[in-house]
Amino acid sequence: MLEIVRGDITRFPAEAIVNAANRYLEHGGGVAYAIAKAAAGNVREYIRISKEAMKEQLGKDSIEHGEVVVTPALRLERFGIKYVIHTVGPYCGGVWDEDKKEKLKKAILGALRKAEELGVKSIAFPAVSAGIYGCPLEEVVKTFKETVEEFEREAKSVERVYLVLYSEGDYEGALRYLEENL
Ligand code: AR6
């Protein structure tokens, strides 16, 4: 069910794309900024839309690992994207342990379950937490693989999960890692 591809998630033709957000949906940098800019043309406007959606959907001003918020794809609809699902991964700062892994699993699973609820067939993730949040890419890839394998048993609507890696180095590193650990 999981496919690792190289690309730019802001134009990846999956019905839902996931944003690696922070708790407050302040899309200040990384893939969050790129998605906000591409979707609304104006980052501040997409932050406003996201915060409003968070209030409506969860009744609060911040999210925990495993909680997600859905916003419309706006300009990204031209690529076939219908929804943006915001999830928050752990902050690692180079340190990886069981606690980070559990938090990342929750973040991935929360988005996958929301995709089921929305009835989409395909969902694309960036390497959540592997950028500004500083989690080791290999561990992030491994956690994706394990979480999607677990989710596969409960999936009804979702048929395909993409992990979209932005840089050539990350993509090659992820493939190498998976080949060595089959
Ligand atoms: N398509 C796919 N992947 C991308 C793209 C793109 N267009 N742009 C960057 N990446 P990050 P985090 C990759 O830092 O570590 C934000 O400020 C990037 O190379 O975006 O979870 C949020 O608001 C990396 O592999 O997310 C939070 O405050 C991956 O996306 C914080 O950063 C994730 O990197 C979240 O940090």
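Coordinate-derived values only; no laboratory data. Nothing here was measured: the structure is a model prediction, and the numbers come from that model. Glycine gets a Cβ as well: all are built from the backbone with ideal geometry, and neighbour counts include every protein chain shown.
Helices in the chain, meaning DSSP H runs of at least 4 residues, each add -39500 (n - 2.57). Divided by all residues, the mean residue ellipticity at 222 nm is -14000 deg cm²/dmol. As an equivalent ellipsoid, region 85-182 spans semi-axes of 21, 15, 12 angstrom, where each value is the square root of five times an eigenvalue of the C-alpha gyration tensor, largest first. Note on residue 45 and residue 62: their simple-model spin labels are 2.9 nm apart, each label 7 Å out from Cα toward Cβ.
Legend: ranking of residues 98, 77 from fewest to most surrounding C-beta atoms inside 10 Å; resulting order 98, 77. Can you pull the one-decimal nm distance between simple spin-label points at residue 98 and residue 177, each 7 Å off the Cα toward Cβ? Placing both labels 7 Å along Cα→Cβ, they lie 2.1 nm apart. Both radii were evaluated on the Cα set of the chain; the Rg over Rh quotient, with Rh as the Kirkwood radius, amounts to 0.93.
Taking the C-alpha atoms only, the angle from helix 30-40 to the longest principal axis of the chain is near 40 degrees.
Over all directions, the projected convex hull of the C-alpha atoms in region 33-104 averages 5.7 nm² in area. Reducing region 48-83 and region 140-171 to their Cα centroids gives an inter-centroid distance of 21 Å. In region 61-139, the C-alpha radius of gyration followed by the widest Cα-Cα span (Dmax) gives 13.4, 40 angstrom. Stretching the chain fully between residue 152 and residue 23 yields a gain of 43.7 nm (0.36 nm per residue, less the alpha carbon separation). Within region 1-92, DSSP assigns beta bridges of which about 40% are antiparallel (rounded to the nearest 5).
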